[in-house]
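K.L.:
If you scroll down you'll find the structure; I have some questions about it.
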Amino acid sequence: MKKALFVLTSVMALSAVTAFAAPKPWVVGFSQIGSESEWRTADTISVQNAFNDDPSFTLIYSDAQQKQENQIKALRTFIARKVNCIVFTALVETGYGPVLQEAAKAKIPVIMIDRDVQASDRALRLTIMGSDFVKEGEKAGTWLADYLKKQGLDDGKKAINIVELQGTTGSAPAIDRKTGFANILKQHANWQLTRSQTGNFTTSEGKAVMEAFLKADKGIQVLYAHNDGMALGAIQAIKEAGLKPGKDIIVVGVDAVKGAFEAIVAGEMNATIECSPLLGPQAVQAVTDLRDGKKLPARIWTIEGIFDATNAAAALPSRQY
Ligand code: AHR
């Protein structure tokens, strides 16, 4: 009996020591912008799963529902709760300076993922990981030039009538994808951007804006959409207008979501430029490095491809989003 009691006490003492020795999980606050697209949902799940699968982290998630004021409020809550690190996607580029100053004052490191803040506020965050949005716009333009040439549709003289569906006004991907595409457009004197309007990165707004474009302009040859969600909405509008998307109007999007692959395979969309939302594992790696005292690089890029009729069908079965 005495022996049994001794063993029990020793086990209890040992568990107490072990419990004591276990390091406290690092608390990470993640401020997401909302759920405007299929892409965004995949991004949220990727980040949540990556942190939740690692017991050394506790993730506090906040969805701003596309409102900057909600996001600023969430960041202030993270600061008040003294989280160890903030992971943050900025809805738009401007307006976060004061709250980032508050985080810096509280010595809470901020890691941006996907969308950055304006250049003058970048010193207030440690790093940005995600895609090169300017390059994505350039890739869309270069793909178009190549395609028009191969199809014998561009003699360099006759006007090519292009319309653009922009992402959320003031957001990094909308600004940069426009700039990137414009860089290529400049190289083609006969390319004309006849209409360009925001569709706010949503399928429904993409459709509504495309409907208006089609009513006002019967000569649209190309649609460049800043994301696939808007491109897919526009494809509906093109069909409802009695035209064939992918044939009567060339459709180029960005993201490489499954819906775009299906549209390409069906011949209703021509190309999508990949922008990976699967940022979770990279985010966990960066926060782990930070916790281990390692210096983070100022920029962490994701590597991405281009998909069209030549490779979409083969890639579709293995797509994760
Ligand atoms: O910031 C990335 C962009 O945001 C994606 O291209 C778009 O689909 C999303 O809403």
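K.L.:
Expressed as a rounded percentage, what relative contact order does the chain have, with Cα pairs under 8 Å and six or more residues apart?
P.N.:
17
K.L.:
Measure out, as a whole number of angstrom, how far apart the alpha-carbon centroids of region 218-248 and region 156-213 sit.
P.N.:
Answer, in whole Å: 12.
K.L.:
Starting from 0.36 nm per residue, how many nanometres of slack lie between Lys295 and Val265 once their C-alpha separation is accounted for?
P.N.:
Extra length from Lys295 to Val265 when fully extended: 6.4 nm.
K.L.:
Follow-up. Distance in nm between label sites at Glu240 and Ser56, each 7 Å beyond Cα in the beta-carbon direction?
P.N.:
The two pseudo-label positions are separated by 5.2 nm.
K.L.:
For region 133-275, with only Lys/Arg (+1) and Asp/Glu (-1) charged at the beta-carbon, what is the dipole magnitude about the Cα centre, in debye rounded to 20?
P.N.:
It works out to roughly 380 debye.
K.L.:
A follow-up question, please. Quickly rank 95-105, 160-170 as a protection proxy: mean count of other C-beta atoms within 10 Å, highest first.
P.N.:
Details: 95-105: 16.8, 160-170: 22.3.
Taking the mean over residues of other Cβ atoms within 10 Å, the ranking is 160-170, 95-105.
K.L.:
Okay, moving on. Accessible area per residue of the chain at 1.4 Å probe, in Å²?
P.N.:
Ligands and nucleic acids excluded, the result is 47 Å² per residue.
K.L.:
If you don't mind, another one. To check you understand DSSP bridge types, tell me what percent of the beta bridges within the chain (both residues inside) are antiparallel, rounded to 5.
P.N.:
Rounded to the nearest five, the antiparallel share is 5 percent.
K.L.:
How large is the charge dipole for the chain, taken about the Cα centre, if only the Cβ atoms of Lys, Arg (+1) and Asp, Glu (-1) carry charge, to the nearest 20 debye? Walk me through the numbers before you get to the answer.
P.N.:
Details: 36 positive and 34 negative charges, 200 e Å.
For the chain, the charge dipole is close to 960 debye.
K.L.:
For a Förster distance of 25 Å, can you work out the FRET efficiency between the beta-carbons of Ala159 and Lys247, rounded to the nearest 0.05?
P.N.:
With R0 = 25 Å, the Cβ-Cβ based efficiency is 0.85.
K.L.:
Run lengths n ≥ 4 of DSSP H only: what is the helix-derived mean residue ellipticity at 222 nm for the chain, with -39500 (n - 2.57) per run over all residues, to the nearest 500?
P.N.:
Calculated at 222 nm, the ellipticity per residue is -13500 deg cm²/dmol.
K.L.:
For a label point 7 angstrom out from the Cα of Lys82 toward its Cβ, which stretches of region 107-139 have the backbone nitrogen within less than 15 Å?
P.N.:
Residues 107-109 qualify, since their backbone N sits under 15 Å from the label point.
The values are calculated or read from the model by the stated rules, or taken from the named source; none is laboratory data. From a predicted model like this one, the values you see are computed outputs, not experimental measurements. Positions of Cβ are backbone-derived with ideal geometry, glycine not excepted, and every protein chain shown enters the neighbour counts. Side chains included, ligands, DNA and RNA excluded: accessible areas come from the protein's heavy atoms. Shrake-Rupley method; radii C 1.70, N 1.55, O 1.52, S 1.80 Å.
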